[in-house]
1. Highest first, please rank the peptides 33-39, 49-55 by the mean number of other Cβ atoms sitting within 10 Å of their residues.
2. Can you compute the equivalent ellipsoid semi-axes for region 36-80, i.e. the square root of 5 times each eigenvalue of the Cα gyration tensor, sorted largest first and rounded to whole Å?
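Since every read-out is calculated from the coordinates, none of them should be taken as a lab result. The shown structure was predicted, so the numbers you read here are calculated from the model rather than taken from an experiment. Cβ: placed from backbone, ideal geometry, glycine included. Neighbour counts: every protein chain shown.
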Amino acid sequence: MGETGKLAGLSNAPGGRSAGGLAAGPALKNFLTDERGATAVEYGLIVAGIFLAILSAVNLFAGNATNMFDNIANTLGAAMR
């Protein structure tokens, strides 16, 4: 039979780390250096910024439209008297 392969991350595996070593070390390092979730967060921030810009524009338009229609109603009301 051949030599047993090294099993990474298992402290009691043949050729693995000793019982006192940190078996989770490589997995933790991989987790901390993984940047796949960062892209999702960046896209989320971009979408939130676009949403706030649209919300501000709609709010500004609504205020201006209300003032315009109030002005038209007051002008027509005064002309009808």
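1. On the way: 33-39: 7.9, 49-55: 10.0.
In decreasing order of mean packing, 33-39, 49-55 become 49-55, 33-39.
2. Those come to 43, 4, 4 Å.
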